[in-house]
Each structure stands twice: as C-alpha cells, then as structure tokens.
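Here's the structure we're looking at; comments come further down.
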Ligand code: SIN
C-alpha cells in the first residue's frame, strides 16, 4: 500500500490524513505537541448567509490581501470552502446558530462553535481519525534524491528513524519565531525549513500577520469587535474612529496604527463592557474565563492589549493541489503559500484553507508511489528565545532598512534569516509588511527564495 506521512496534527493535517485514509493510503501522522488550529477562536468563513455569496467572499478576500492574492486560488477557496463545510456538517459537525462578523467581511459570515472554533473542529476531526496511527516527535529532516522527496527523518525520545513515504507538510507557519505570538510555542516554521533544505521554493516570507488585540500572548478574538467591542487608549479615545471600517478595519492597518501610536507613548485596551453581559459571558465563555484567570473581568474592565504575531501568509510555494517544487513533497494549510491570502489574510479564512487545500493535497498525494532511497537533509536545532526576541525587535510590525540589517547581523536561525532577508528586499509597504523608509506601494510582485540561490528574487507570477 502507498504510504503517506502527514507532518502536523492541526486541522489541515487531520483533514488531509482523513481524506488520504479514505483514498486507500497507509497514513501516518507525525507531529510535535500543539497546533495553531487549537488556538483558533473566531471561526471559519463561508458564504452560507442568505444575503451572502461566494462572489462577495471572493471580493472581501481580495480586498484584505492588498493586490497580492491569486484570483484563481481565491476562487477555489470560496467555492470549494462552501462544499467542504457542507461535507463536515454532513459528517456530523455542528456549528452554533448565527453567523459572526470579523474585520473586512462585508457580511456576517463566520461559522463558529463557541469561542474556540478551531479546538472544537479539531476534536471532531480527532474522532474521525482515531484509527490512523500517530507519533509524537520532531521531523528533523527529509530524505531526498534529485528534486524528489522520498520520506522523513523522525526523532522521538532521542531515537532517529527514517520513514519512506510521500510527505505532506501541514505543520503551520512561523508565528512562534516571534517572542510575542498567539500560537503554540512549537510553531516556529520547521515545515518551511524542511522544504527549503530539500530545495523547494519558499514564497512571500516577509508577510506575517500581527493580531492587534492580544493580552499577554492570549488572543482576544476579533469576533468581540464584531459584537461591538472597541479599541481605546489610556484616555478612552477610540484608535480606529477615523478609518472607514473603524474597529473592523483590516488587521494589517489596525496593528500598524496601534504600534505607531504605542511608540508615541500610548497604551491600548479592548473595551468590551458595552456588550450585553449575559451575551458576552455565553458567546465568549472561554475568553471570559481566561481573562478572569488573568485578573480581568471582561464584562466590567478594560483589557490591556498589544499586537502579537498571529499568522504566516508566506510559506512553501505550492500549486493548487499542494504540490511543492519538489516531487513527492506536498504542503497545505498555513505552511503553504497558495496565493489565497496575498499580503494580509482575511479573518477566518485559515480554517477554510485547511479544509479546501487539505482535500486537494490528499487527492494529489494519494496518487504518488512510495520510494526507498534518499539522502538526509537536516534542518538543525529549534530557534532560541534570543532569536525570537531579535525577530520581534528587528522584523516586527514596523520595519526599516537599518533595523533589518542590524537584525540580520545578530540572527543565527536560518528561517529567521530568510524572513528578514525577504523583508529587507521588499522595498515597499503592502499589507502586513510595513517599511517606514518605503511607505508607498510598488508593483504587486511576489518574492521567492530557494537554496540553490539563497537570495530573494522578486517576480510576477
Ligand atoms: C480571531 O478570532 O480574531 C482570529 C481569527 C483568525 O485569525 O482568523
């Protein structure tokens, strides 16, 4: 039987595993502890509302992405997203009544299960995949042979094992490469490094999304603002009052304005006290409880907030079937860059991406064959706390040439170096990539990087 190894156990990983098993493959899921999906609060966007359409969802995704979305990929996302959500509900997944609203969406479109949609979807998928073998450990390398990936090198409890297989990376982005982040601490971009060292092309690494409303690395979902919560400064002035979409402006804009004003001495708070208390405590029960554990009553008090790294738009360059530039190596979910998010992801499109491109990657990966031979390509140690501090300080929400050059001179982690080099090479501001020395937008170009050149190349797709 053809073996497929799925690297990662978030929503993309489990959905891909489920599909591959149903397609008759021998499937093995390998991952370290934790995923970003389990931290996803808001929900999953799909044009299921009466006044909604996939055309509107398409337009909103393009608007958030600031000129860099791949229209064909977005079309696949919104159309097949609707189908995949229907597939899961037919399998028994139950969403709550009512649709939430988040930034830049022109309609209420967010399906949710309480205020921890990702965790609840993951529990559902865990049940569906309970018969698929799963191993906990770190994938430290790939087995490759002439632009072909033949398997993984897996480290578990100090033992290293080679496993021949077709490989699907579903290991998440690199938000935990930053000291301030909303994700699981293992999400430092190993999947991108595995692909890079195997010779695969990476794309648009300079685009990482910073979420504006984070309380001590704990996310306060944008859905709260969708229900009327405000961002205010120490004097009670609303941060986004002068922008057309106010508190539901894009995350890129909101995080940047907040960061700029913080540098001028302001401090910021989420004010959810205007939301009906009973509704707040039931609709956002987990967030309410977590805040209370951290000493703040969300219904009565303002919560101190600051931006933190939240999501990675760039990643392993794939086609719409999850194929990377290396045969036998696939990628889906946040680790991949299909072009759907452009320079700033539309909120709640990430769980949708996991389903749509997980399904497509499983169709393609299941048609491969298992090969045995291969040279080991290893990725090295996990990034240090110092690397994360350097990334936050030198390659954060607001960037400039001096900062990035200083950061590059201090950094020792390969992926951090590639992200900084990509940020240095993009001499414009677009979406989440803000260069105070180049505040305007240039032509909408993508950046690519791979090991045989190890330099950032900009080109139009
Ligand atoms: C949130 O709940 O604010 C995050 C949702 C997302 O990242 O799409």
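Tabulated data
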read-out: Using a Förster distance of 35 Å, the FRET efficiency for residue 443-residue 91 (Cβ separation, nearest 0.05); value: 0.20
read-out: Over 11 Å [Cα-Cα, segment 363-404], rounded percent; value: 77
read-out: Theoretical FRET efficiency, 1/(1+(r/R0)^6), r = Cβ-Cβ of residue 294 and residue 262, R0 22 Å, to 0.05; value: 0.65
read-out: Cα gyration tensor shape for segment 85-171, rounded if a/c is under 1.5, else prolate or oblate; value: prolate
read-out: In Å, descending, principal axis extents of the Cα set of segment 209-299; value: 34, 27, 25
read-out: Prolate/oblate/rounded label for segment 1-148 (Cα gyration tensor, a/c 1.5); value: prolate
read-out: Taking all pairs of distinct alpha-carbon atoms in segment 146-261, Kirkwood radius in angstrom; value: 17.5
read-out: Taking N as its residue count, the alpha carbon Rg of segment 52-124 over 2.2 N^0.38 Å; value: 1.18
read-out: Alpha-carbon Debye profile of segment 307-461, log10 I(q)/I(0) at 0.14, 0.19, 0.21 Å⁻¹; value: -0.82, -1.35, -1.48
read-out: Cα-based equivalent ellipsoid of the chain: semi-axis lengths in Å, sorted from largest, via gyration tensor; value: 33, 26, 20
read-out: Stokes-Einstein translational diffusion, segment 1-84 - Kirkwood Rh over all Cα pairs, 1.002 mPa s, 20 °C, in µm²/s; value: 142
read-out: D (Stokes-Einstein, µm²/s), Kirkwood Cα radius, segment 271-394, 1.567 mPa s at 4 °C; value: 70
read-out: Sorted by Cβ neighbour density within 10 Å, fewest at the top, the residues 454, 96, 60; value: 454, 96, 60
read-out: Virtual spin-label span in nm between residue 372 and residue 281, 7 Å along Cα→Cβ; value: 6.5
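Values in this text are rule-based calculations from the coordinates and carry no lab data. From a predicted model like this one, the values you see are computed outputs, not experimental measurements. Glycine also receives a Cβ, built like all others from the backbone with ideal geometry; neighbour counts cover every protein chain displayed.
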